[in-house]
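What follows is calculated from the coordinates using simple rules that are stated; it is not laboratory data. The structure displayed is predicted, hence computed values, not measured ones. All Cβ positions, glycine included, derive from the backbone under ideal geometry; neighbour counts span all protein chains shown.
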Amino acid sequence: MSQTNPPLQIAIIGAGFSGMMTGVQLMRQTTMPLTLHLINDKYEFGKGPAYSTTHPKHILNVPAAKMTAFPDRPEHFLDWAHRQEAYQDMDKEVLGKVFLPRRDFGRYLSEVWTEAVAGKRPDTTVNIIHDKAVDITAADGSNTIVLASGQTIAADYVVLATGNEPPRNLPVSDPALYDDPNYIGDPWNNKAVDNLDPDRDILIIGNGLTMVDIVIGIMDTGFNGVIHTLSPDGLAILPHRYGYIAYSKLAEELKAPYKLNELYKLINKHIKVFKKSELSPEPVIDSLRPLTQKIWQGLSLEDKQRFLKYLMPHWNKIRHRMPGHMYDYLMQRQIAGGMVIHRGRLLNMTQTSNGLSAEILETNTDTPIRLDVSRIINCIGPNTYVSQSLNPLLQQLVSKDMLQADPLRIGMQVTDHWTLVGADGREIPSLYTIGGNLRGLLWETTAVPELRAQAATLAGEILSKAANV
């Protein structure tokens, strides 16, 4: 009588887009018995903070034709959207250029998961666990995951799909302010725009895409006050202006080995060509998108450090843009006096008898100004230094020397196959990660085009390794 092998046990910690799609790809690719454990404790399964929103004005920053969950099915989302009642009367080519609500993409992801589970192999089992992972013990080729409830899960392989961390806390002279309900340290929680005083001003620290979401949420509450925003670069977001012009000249001139000074000169040369025609340089930077990870990996550590210190704000301004009509909305708010953009830095925050006070120093001035507001919302972007993580699991792994920051302190130290490297420099071959945790290795690793490809690659990597054990 033949003896069958026990199912391969894979645990995925975090079930946002990256975690869920890794599970989907494992179900699609496996040729062996498989048990999947997906551990999710925070946002709606499969959606994470980006796609859990139900607000109709929270929209994708990429048009529908560029969004899909599957790298090998480029029109999968567009076809889905065209079947929906709200869009079925639109010309499909036009629909492909529309920035749809993120809640629609969230519904799409739910259907992707449902279809994947319905089509899985009979010998594949899926367990969704609503709990928080707090520890992992790796020994003798197996892993034990400890949950906050005390339950344990055994797994042959573990994927850390932990997503973005909340922002680091803003500077204060009295740490008690962090517990003030009017200080929102995590802009992605549901309390950021709840119970606002409609007539008192608000301060948002940070001027990126998260700020845009918060402003939209605030204005839909009937808010009548002024929204102040603060960052070193002012309003550092541009609109999508050119309908994704395809530009190839820069990529044709790029040659390895890559050096930052030479790259900067070459990119600037092509930007000047655009400016001569009175065009903004976004298509030049967009043309690097397929090559960004390769270029990043080819740079020296010193060049990467210089990029992060000197060029990252300029890169982010051009690279991460918003739909044109949302940009117009913010401009209209500023013209009407309902939004004031401050360029400078925060010196301190204090509690007052009826709210909060912020002391800020604007660029090119010597005298700080004080803003008295009802609420301060921290939108400076996710904390990327894992040694300062607020996630209990990551804290535990750092304390056990199973996890360390990459040399740039913007992600986790990993191998080229995305397995963790402990503090002793040794690989932990059964522990993988995905998404933003790979920033140090890949740089561009937080948008759907990168994440969907990572999910497919990672699933294949794990299944191939398991088959050869």
The chain, dipole about Cα centre (Lys/Arg Cβ +1, Asp/Glu Cβ -1), debye to the nearest 20: 1240 debye
Checking the a/c ratio against 1.5 first, then a/b against b/c, what shape does the Cα gyration tensor give for segment 46-198? oblate
Residue-wise, which Karplus ³J(HN,Hα) couplings in Hz belong to segment 54-71, taking 6.51 cos²θ - 1.76 cosθ + 1.60, θ = phi - 60°, and x for glycine or proline? 10, 6, x, 8, 7, 10, 5, 8, 10, x, 4, 5, 9, 9, 7, 7, 10, x
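Just to confirm the filter: which GluC sites (Glu not before Pro) across segment 212-313 are DSSP coil and have at most 10 other Cβ within 10 angstrom of their Cβ?
Working: sites: Glu252, Glu253, Glu262, Glu278, Glu302; in loops: Glu278.
Filter output for segment 212-313: Glu278.
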Using alpha carbons only, how many degrees (0 to 90, rounded to 10) separate the axis of helix 17-29 from the longest principal axis of the chain? 30 degrees
Per the Cauchy relation, a quarter of the hull surface: what is the mean projected area of the convex hull of the alpha carbons in segment 140-183, in nm²? 5.8 nm²
Relative to the present Cα-Cα distance, how much length would full extension add between Asn195 and Leu308 at 0.36 nm per residue of separation? 36.9 nm
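Taking the Cα centre of segment 249-319 as origin and charging only Cβ (+1 Lys, Arg; -1 Asp, Glu), how large is the dipole, in debye to the nearest 20? Could you put the intermediate results ahead of the total?
Working: 15 positive and 8 negative charges, 26 e Å.
Here segment 249-319 has a charge dipole of around 120 debye.
Name the longest site-free stretch of the chain, where the excluded sites are chymotrypsin sites (Phe, Trp or Tyr not before Pro) in a DSSP loop with no more than 15 other beta-carbon atoms within 10 Å. Can you show the working numbers first?
On the way: sites that count: Tyr242, Tyr244, Tyr385.
Counting only loop sites that pass the neighbour cut-off, the longest clear stretch is 1-241.
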One can check that the equivalent ellipsoid of the chain, built from the alpha-carbon gyration tensor with semi-axes equal to the square roots of five times its eigenvalues, has lengths in Å, largest first, of 37, 27, 25
Pull up the DSSP beta bridges for the chain and report the antiparallel fraction as a percent, rounded to 5. 45 percent
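What relative contact order, as a whole-number percentage, does segment 249-319 give when Cα pairs under 8 Å and 6 or more residues apart are counted?
Numbers: 36 pairs, mean separation 29.2, N = 71.
With pairs under 8 Å counted, the relative contact order is 41 percent.
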Taking the dipole about the Cα centre of segment 249-319, with the C-beta of Lys and Arg at +1 and of Asp and Glu at -1, give me whichever of Pro257, Gly298, Asn268 is farthest to the positive side. Asn268
Total formal charge among the other residues, if their Cβ is under 15 angstrom from that of Lys132, Lys/Arg +1 and Asp/Glu -1: -3
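Could you list Met331, Met326, Met211 in order of exposure, starting from the residue whose Cβ has the fewest other Cβ atoms within 10 Å? Intermediate results must be reported in sequence, preceding the final value.
Numbers: Met331 13, Met326 23, Met211 26.
Lowest count first: Met331, Met326, Met211.
Identify the GluC sites (Glu not before Pro) of segment 41-86 meeting these criteria: DSSP loop state and at most 13 other C-beta atoms within 10 Å of the C-beta. The partial results should precede the final answer.
Details: sites: Glu44, Glu75, Glu85; in loops: Glu44, Glu75, Glu85.
Answer by residue number: Glu85.
Compute the Cα gyration tensor for segment 1-76, then decide on rounded, prolate or oblate, letting a ≥ b ≥ c be the square roots of its eigenvalues: rounded whenever a/c is under 1.5, prolate when a/b is larger than b/c in the other cases, and oblate in all that remain. Mind showing how you got there, number by number?
Numbers: a/c = 5.04, a/b = 1.86, b/c = 2.71.
It is oblate, given that a/c is not under 1.5 and a/b is not larger than b/c.
Whole-Å semi-axes of segment 301-415's equivalent ellipsoid, largest first, each the root of 5 times a Cα gyration tensor eigenvalue? Let's see the in-between values first.
On the way: eigenvalues 219, 96, 51 Å².
Output for segment 301-415: semi-axes of 33, 22, 16 Å.
Divide by every residue of the chain the summed helix terms, -39500 (n - 2.57) for each DSSP H run of at least 4, and state the resulting mean residue ellipticity at 222 nm, rounded to the nearest 500 deg cm²/dmol. Kindly include the intermediate steps, with their values, before the conclusion.
Working: 16 runs with 150 residues, N = 469.
Dividing the helical sum by the residues of the chain leaves -9000 deg cm²/dmol.
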Using a/c under 1.5 as the rounded threshold, could you call segment 164-203 rounded, prolate or oblate? The axes a ≥ b ≥ c are square roots of the C-alpha gyration tensor eigenvalues, and prolate needs a/b larger than b/c, oblate otherwise. oblate
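So what's the net charge close to Asn164: Lys and Arg +1, Asp and Glu -1, counting the other residues with Cβ under 13 Å from its Cβ? All intermediate terms of the calculation are to be shown ahead of the outcome.
Values: positive: Lys42, Arg168, Arg439; negative: Glu165, Asp186.
Summing Lys and Arg as +1 and Asp and Glu as -1 gives +1.
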Length gained when the stretch Asp131-Asp372 is fully extended (0.36 nm per residue, less Cα-Cα span): 82.8 nm
What ³J(HN,Hα) values, in whole Hz, does the Karplus curve 6.51 cos²θ - 1.76 cosθ + 1.60 give for segment 425-442 when θ = phi - 60°, with x put for Gly and Pro? x, 8, 6, 10, x, 9, 10, 10, 9, 7, x, x, 5, 9, 3, x, 7, 10
No solvent, one uniform scatterer per C-alpha: report log10 I(q)/I(0) for segment 249-319 via the Debye equation at q = 0.11, 0.20, 0.21, 0.22 1/Å, two decimals. -0.25, -0.87, -0.96, -1.05
Given Lys249/Lys269; Lys265/Lys304; Lys66/Lys465; Lys66/Lys275, the pairs whose alpha carbons are separated by over 22 Å: Lys66/Lys465; Lys66/Lys275
